[in-house]
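Q: Here it is, the structure, as structure tokens.
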Amino acid sequence: MTTATGGSPQSYDAIVIGAGFAGLYQLHLLRDRLGLKTRVLETADGVGGTWYWNRYPGARCDSESHSYRYFFSKELHESWDYSERYPGQEEIRAYLNHVADKLALRPDIQLSTKVTAAAWDEAAGRWTVTTEAGERFACQWLITAVGCLSSANVPNIPGLEDFRGEWHHTGRWPHEGVDFAGKRVGQVGTGSTGIQAVPVIAETAGSLTVFQRTANYSVPARNGPLNEQRKKEWRDNFEEVRKLVQSTPNAHPFRISTDRALDQDEATRLERYQKAWDIGGLRFRAVFHDLLLSKEANDTAAEFLKGKIREIVKDPETARILSDIDHPYAAKRPPIDTNYFDTFNLDHVSVVDVRADPIRRIVPEGIELESGAVHELDVIVFATGFDAMTGPLLSIDFQGAGGRRLRDDWAAGPKTWVGVAIPGYPNLFTVTGPGSPSVLANMIVPIEQHVEWIADCIETMRREGVERIEATPAAAEAWMAHVGDAANATLLPQAGHSWYLGANVPGKPRVFMPYAGGMVRFRQICDAVAARGYEGFAMGAPADPAAPPPPVLAEMTGPDAPPLPGYPADARTSLVEAPGV
Ligand code: NA7
């Protein structure tokens, strides 16, 4: 392959950034359906996206394996079985490698290539994409498939550079693994990742100290192997599972009950919670319809789950710290686990409440708290999450029409039209960008929907001879207002420190980023946008800054919105039919 570090850039119809679930499928559609000369640029030296990087102990998907796979091809579906109820990191990576081979995608994927900048050339009507190595690519369409959770958030704790031991962030885990045997390990962070990692690290560590800033709920995953009959069932029921995940608001393969917690007597409620606890996983969220809509309803689930922590954890002070949870259940992403709380019953595992006694700094020997206490450590694991949703996009220096910069345009928070397009950035599409249901859903379903919508849009442009497309500022303003309204109709913003709001990254604007209106509604809105000739977009000319908001949004979300397919007629009167996890 020739490269161009000076002179003319290599020319493509489309460049896709990222080779995870989104990038692989986008390449397949653009190349094999539309016949576009397409190239995928990927930082890593393998495909897999988030599943390439997140190799920390216990890394596993919280979506059930029969739903965490592509649904666009029955043949592809039938060519792969997962082995467990929830797929582990290595198996998902193996699946994506299998897909890359099966669809012969590799020749058009350039690995070890980090995109650092992309600039729109108005005269040429093309993007110029620049990599860290100085290669340049030109393309008419630029698609980001960079994921929502790929910019690791290593907290800026003073003294880290002086630490004598080793430290790792879970999202940038060494490929050769980390040997914890007999070592004093400290883990910072108790989100979904930390909760998965604790029991596995504890298996070999000499001691494990968990530094908890915010206590968290967790429901047992009840993971286990799938027997041959189950595998066959998932293979044979492709159409049913596909229909199901495309019809639920959170794109998981189970329905959210239409019953309300507050309509039940206490005994029935507890029985339902216990049953869901026994079944395990994110299904707990689906027991009642009103869990994310009413604080009073949520309190009943929260109390049940806190009671479980106190029941499992033997030491009363440890149980108190772990169950001292300050936010409604599922207002932050609800973790699921394998033996998380039980692990604190082991003699060599302890929790430190760093809300009560915050981390002051890192010293050569370990972690020092405000009280002056020093925890001596050989290894620090940062399970401290990500600069979510905007981080991966803003790590690239996007320069749009007239030299405007995305970092400036999003200084007060991201703005997209239906999660896929940004005013001022023509012919740029963002798969699961801010404003997409993305992380509030089983990611595969929004990814497939976006990727297909983008391919359809480009196909339409080519058919109609339209060279340029750009979201209007009014459409993005209206969409982000709607994203805010959808979140505010739920308890989601009540977890003030969640990464949904950007609150986990100091200085990041607090804007609720994912769309909480549900995947079914979202798909319906996107379909209407396309069917009405791409409303909210300027086709073939720069967007008019004075253009009014697109009527499609008000019509699809207002009181006269069409019913949601498969839902009761009155569902349309509620902005949030039933939000995602
Ligand atoms: P999360 O959910 O953002 O969790 C990060 C954890 O790290 C959380 O407990 C944070 O506490 C904690 N944290 C972050 N910075 C610090 C500092 N400086 N000191 C102490 N504790 C800190 O990330 P995950 O990787 O677990 O999960 C991300 C998503 O990946 C997950 O939701 C799935 O969708 C997959 P805080 O709550 O901010 O007080």
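The values are calculated or read from the model by the stated rules, or taken from the named source; none is laboratory data. Bear in mind that the values here come from a model prediction, so they are computed numbers and not experimental data. So basically every Cβ, Gly included, is an ideal-geometry build from the backbone, and we count neighbours across all protein chains shown.
Q: Select, from T144, T128, T43, the only residue that is of a type outside the set (F, W, Y) and touching a Cys at 6+ places or on another chain (Cβ under 9 Å). Break it down into steps so the answer makes sense when it comes.
A: Values: T144 fails: touching a Cys at 6+ places or on another chain (Cβ under 9 Å); T43 fails: touching a Cys at 6+ places or on another chain (Cβ under 9 Å).
Exactly one residue qualifies, and that residue is T128.
Q: Also, I was wondering about something else. Can S350 be described as farther than 30 Å from Y273 by Cβ and either loosely packed, with under 15 Cβ neighbours inside 10 Å or at pLDDT 95 or above (or both)? First the steps, then the outcome.
A: Details: farther than 30 Å from Y273 by Cβ: no; either loosely packed, with under 15 Cβ neighbours inside 10 Å or at pLDDT 95 or above (or both): yes.
The answer is no for S350.
Q: For residues that are in a strand (DSSP E or B) and closer than 20 Å to A421 by Cβ, scanning just the stretch 139-162, find the one that is nearest to the ligand (Cβ to nearest atom).
A: Pass one, the stretch 139-162, residues in a strand (DSSP E or B): 139-144, 152.
Restricting the remaining residues to those that are closer than 20 Å to A421 by Cβ gives 139-144.
Numbers: C139: 30, Q140: 33, W141: 29, L142: 26, I143: 22, T144: 19 Å.
The selected residue is T144.
Q: Here's another thing I want to ask about it. Which ones in the stretch 358-406 are in contact with a helix residue (DSSP H, G or I) (Cβ under 6 Å, 6 or more places away or on another chain) and surrounded by 15 or more Cβ atoms within 10 Å (Cβ to Cβ)? Working first, answer last.
A: Filtering the stretch 358-406 down to residues in contact with a helix residue (DSSP H, G or I) (Cβ under 6 Å, 6 or more places away or on another chain) leaves 362, 364, 383, 385, 388, 394, 398.
Of everything in the stretch 358-406, those that are in contact with a helix residue (DSSP H, G or I) (Cβ under 6 Å, 6 or more places away or on another chain) and surrounded by 15 or more Cβ atoms within 10 Å (Cβ to Cβ) turn out to be I362, A383, G385, A388, L394, F398.
Q: Right, another one. If you take the residues of the stretch 98-122 that are surrounded by 17 or more Cβ atoms within 10 Å (Cβ to Cβ) and small (G, A, S), which of them is farthest from S73 (Cα to Cα)?
A: Here the residue is A118.
Q: Among the listed residues V219, V241, which satisfies the condition of being within 24 Å of the chain's Cα centre (by Cα), hydrophobic (A, V, I, L, M, F, W, C) and within 23 Å of S79 (Cα to Cα)?
A: Numbers: V219 fails: within 23 Å of S79 (Cα to Cα).
The unique qualifying residue is V241.
Q: Assess whether R285 counts as being free of Cβ contacts under 8 Å to residues at least 40 places away in the same chain and either part of a helix (DSSP H, G or I) or not assigned by TED's automatic domain parsing to the domain that holds T204 (or both).
A: Numbers: free of Cβ contacts under 8 Å to residues at least 40 places away in the same chain: no; either part of a helix (DSSP H, G or I) or not assigned by TED's automatic domain parsing to the domain that holds T204 (or both): yes.
Spelling it out, it is not the case that R285 is free of Cβ contacts under 8 Å to residues at least 40 places away in the same chain and either part of a helix (DSSP H, G or I) or not assigned by TED's automatic domain parsing to the domain that holds T204 (or both).
Q: Let me ask something else about it. Please go through (1) touching a Lys or Arg at 6+ places or on another chain (Cβ under 9 Å); (2) assigned to a helix (DSSP H, G or I); (3) not β-branched (V, I, T) for Y329 and return the number of the only condition it doesn't satisfy.
A: Unmet condition: (2).
Q: I need every pair where a residue in the stretch 420-443 that is over 21 Å from A538 (Cβ atoms) and at pLDDT below 95 has its Cβ under 6 Å from the Cβ of a residue that is away from the ligand (no atom under 16 Å from the Cβ) and of a type in the set (K, R), sequence separation at least 6 or different chains.
A: So the pair list comes out empty.
Q: For the stretch 164-265, list the strands (runs of 3 or more DSSP E) that sit wholly inside it and hold at least 3 residues that are surrounded by fewer than 20 Cβ atoms within 10 Å (Cβ to Cβ) and either away from the ligand (no atom under 13 Å from the Cβ) or in contact (Cβ under 8 Å) with a residue 24 or more places away in the chain (or both); which are they? Outline the logic, then answer.
A: Numbers: elements: 166-169, 184-188, 207-212.
In the stretch 164-265, the matching strands (runs of 3 or more DSSP E) lie at 166-169.
Q: Please find, among A100, A104, the residue that is more than 30 Å from R404 (Cα to Cα), among the aliphatic types (A, V, I, L, M) and assigned to a loop (DSSP other than H, G, I, E, B). Outline the logic, then answer.
A: Working: A100 fails: assigned to a loop (DSSP other than H, G, I, E, B).
Every option except A104 fails the conditions.
Q: Now for a different question. Spot the failing condition for A455; the list is (1) over 22 Å from V129 (Cβ atoms); (2) of a type outside the set (V, I, T); (3) away from the ligand (no atom under 16 Å from the Cβ), and only one is missed.
A: Answer for A455: the failing condition is (1).
Q: Now, a different point. Just wondering, is there one or more residues in the stretch 478-486 that are touching a strand residue (DSSP E or B) at 6+ places or on another chain (Cβ under 6 Å) and either within 30 Å of V241 (Cα to Cα) or more than 14 Å from the ligand (Cβ to nearest atom) (or both)? If you could, list the steps in order and put the result at the bottom.
A: Filtering the stretch 478-486 for residues touching a strand residue (DSSP E or B) at 6+ places or on another chain (Cβ under 6 Å) gives 479.
Now restrict to residues that are either within 30 Å of V241 (Cα to Cα) or more than 14 Å from the ligand (Cβ to nearest atom) (or both): 479.
Yes, that holds for at least one residue.
Q: Residue under question is D337, and the condition is that it be within 19 Å of L282 (Cβ to Cβ), within 12 Å of the ligand (Cβ to nearest atom) and modelled with pLDDT of 95 or more; does it hold? Step through it out loud before you land on a result.
A: Values: within 19 Å of L282 (Cβ to Cβ): yes; within 12 Å of the ligand (Cβ to nearest atom): yes; modelled with pLDDT of 95 or more: yes.
It is true that D337 is within 19 Å of L282 (Cβ to Cβ), within 12 Å of the ligand (Cβ to nearest atom) and modelled with pLDDT of 95 or more.
Q: Ok, one more. So which pairs qualify, if the first residue must be in the stretch 378-390 and farther than 26 Å from I422 by Cα and within 11 Å of the ligand (Cβ to nearest atom), the second must be at pLDDT below 95 and of a type in the set (A, V, I, L, M, F, W, C), the Cβ gap must be under 7 Å, and the two must be at least 6 apart or on different chains?
A: Listed by first residue and then by second, the contacts come to nothing, as the list is empty.
Q: Based on what the data block shows, is G48 within 21 Å of the chain's Cα centre (by Cα), in a loop (DSSP other than H, G, I, E, B) and at pLDDT 95 or above?
A: Numbers: within 21 Å of the chain's Cα centre (by Cα): yes; in a loop (DSSP other than H, G, I, E, B): yes; at pLDDT 95 or above: yes.
It is true that G48 is within 21 Å of the chain's Cα centre (by Cα), in a loop (DSSP other than H, G, I, E, B) and at pLDDT 95 or above.
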